[in-house]
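K.L.:
The following block contains the structure, expressed as structure tokens.
The values are calculated or read from the model by the stated rules, or taken from the named source; none is laboratory data. Every value quoted in this text rests on a predicted model; they were computed, and no experiment measured them. So basically every Cβ, Gly included, is an ideal-geometry build from the backbone, and we count neighbours across all protein chains shown.
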Ligand SMILES: Nc1ccn([C@@H]2O[C@H](COP(=O)(O)OP(=O)(O)OP(=O)(O)O)[C@@H](O)[C@H]2O)c(=O)n1
Ligand SMILES: C[C@](O)(CO)[C@H](O)COP(=O)(O)O
């Protein structure tokens, strides 16, 4: 693991992995194929999970949530570099945690401190990528159990020419629209405005995959359109880039509330009993 506190990691000597060139942002030109990197924002507090250490550092089946997420990226075919964006006050704790965890040697892992919100953490992670990376995945540490096949399908879609690719699932609940009212007393019944047609809705997951230049541009111009975006693809959409969906996976759910940790433990237990 590279021991980074900020800035760019050492240039990696690994040759580009054999895939067709990603779509260039310059019309009519193709960029040379480069490496695929994953940025893992892991700097959140996990307040909805309840009091305790930051969510990414909490235990899931005897291993920190973050280690599961890093391993998930390392299992993907094309990921050559992982940038972990650690809680701002604990990059050294995260480095020690990753150094203590068996991780595959073929993937370079670097750690940088994160920021005040997810967008800022992603931006800091992107700033740490070396120049030979042309495809970037952004993956929530909190979606620790995403299967490798889902990651591979996102990368494949970017390598096939899509500037931005998002794994998604149909929405299974009926969804009502409300008019948020800051003056409504807490717990008071909330008036429904209408019912949304769920056939037209998708719940999106991570990793979200991007042609690097497209994502860099969206984060550089954050002040022009990043406000309120809860995912990177939302920022890219606002700049007019084409965003496409590929099938997500139910095991890529986000560990957000305490019950999600129980579900994640159950998924791990099922994997152990069904592993060949
Ligand atoms: N300042 C932040 C906030 C969030 N994240 C990361 O963004 C991902 C998605 O965020 P979420 O699951 O909502 O995590 P938290 O912000 O930690 O959750 P909460 O809102 O409950 O505190 C997580 O992997 C989280 O660590 C981050 O890197 N930097
Ligand atoms: C990026 C994301 O995982 C897509 O579903 C999600 O928006 C991040 O969660 P947050 O609670 O908005 O930080």
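K.L.:
In this structure, is residue 195 farther than 15 Å from residue 123 by Cα and more than 16 Å from ligand 1 (Cβ to nearest atom)?
P.N.:
Yes.
K.L.:
Of all residues in region 232-250, count the ones that are within 16 Å of ligand 1 (Cβ to nearest atom) and in a helix (DSSP H, G or I).
P.N.:
So the answer is 4.
K.L.:
Could you grab the pairs with beta carbons closer than 6 Å, sequence gap of 6+ or different chains, first residue in region 119-147 and closer than 21 Å to residue 60 by Cα and more than 15 Å from ligand 2 (Cβ to nearest atom), second one modelled with pLDDT of 95 or more and not in a loop (DSSP other than H, G, I, E, B)?
P.N.:
Listed pairs, sorted by first residue: 147/251.
K.L.:
Let me ask something else. From the list 163, 180, pick out the single residue that is within 22 Å of residue 203 (Cβ to Cβ), at pLDDT below 95 and more than 13 Å from ligand 2 (Cβ to nearest atom).
P.N.:
None of the other options fit; the residue is 180.
K.L.:
Any idea which of 187, 234, 240, 248 is free of Cβ contacts under 8 Å to residues at least 40 places away in the same chain and within 21 Å of residue 118 (Cβ to Cβ)?
P.N.:
That would be 234, the only listed residue that is free of Cβ contacts under 8 Å to residues at least 40 places away in the same chain and within 21 Å of residue 118 (Cβ to Cβ).
K.L.:
Okay, next question. Please specify each residue of region 251-266 satisfying the condition of being surrounded by fewer than 16 Cβ atoms within 10 Å (Cβ to Cβ), more than 13 Å from ligand 1 (Cβ to nearest atom) and in contact (Cβ under 8 Å) with a residue 60 or more places away in the chain.
P.N.:
Selection gives 265 alone.
Table: residues versus (1) surrounded by 15 or more Cβ atoms within 10 Å (Cβ to Cβ); (2) away from ligand 1 (no atom under 16 Å from the Cβ); (3) at pLDDT 95 or above.
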{"site": "33", "(1), (2), (3)": "yes, yes, no"}
{"site": "41", "(1), (2), (3)": "yes, no, yes"}
{"site": "67", "(1), (2), (3)": "yes, no, yes"}
{"site": "79", "(1), (2), (3)": "yes, yes, yes"}
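K.L.:
Then there's this: Restricting to region 82-130, and then to whatever is within 11 Å of ligand 1 (Cβ to nearest atom) and assigned to a strand (DSSP E or B), can you tell me which residue is nearest to residue 67 (Cα to Cα)?
P.N.:
Filtering first and then ranking leaves 84.
K.L.:
Name the residue that is nearest to ligand 2 (Cβ to nearest atom), counting only residues in region 197-215 that are over 28 Å from residue 33 (Cα atoms) and either assigned to a helix (DSSP H, G or I) or in contact with a strand residue (DSSP E or B) (Cβ under 6 Å, 6 or more places away or on another chain) (or both).
P.N.:
Checked region 197-215; the qualifying residue nearest to ligand 2 (Cβ to nearest atom) is 203.
K.L.:
Could you say which residue among 144, 188 is under 30 Å from residue 33 (Cβ atoms) and not in a strand (DSSP E or B)?
P.N.:
144
K.L.:
Kindly establish whether residue 136 is touching a strand residue (DSSP E or B) at 6+ places or on another chain (Cβ under 7 Å), within 16 Å of ligand 1 (Cβ to nearest atom) and not in a loop (DSSP other than H, G, I, E, B).
P.N.:
Here the answer is yes, as residue 136 does meet what is asked.
K.L.:
Within the set of pairs 6+ apart or on separate chains, which have a first residue in region 49-67 that is closer than 13 Å to residue 143 by Cα and touching a residue at least 24 places away in the same chain (Cβ under 8 Å), a second that is within 15 Å of ligand 2 (Cβ to nearest atom) and assigned to a strand (DSSP E or B), and C-beta atoms under 8 Å apart?
P.N.:
Qualifying pairs under 8 Å: 66/40.
K.L.:
I've got another one for you. Which of the residues spanning region 45-65 are near ligand 1 (Cβ under 8 Å from one of its atoms), touching a helix residue (DSSP H, G or I) at 6+ places or on another chain (Cβ under 6 Å) and in a loop (DSSP other than H, G, I, E, B)?
P.N.:
46
K.L.:
Any idea which of 218, 229 is surrounded by 10 or more Cβ atoms within 10 Å (Cβ to Cβ), in contact with a helix residue (DSSP H, G or I) (Cβ under 7 Å, 6 or more places away or on another chain) and either assigned to a strand (DSSP E or B) or touching a residue at least 60 places away in the same chain (Cβ under 8 Å) (or both)?
P.N.:
229
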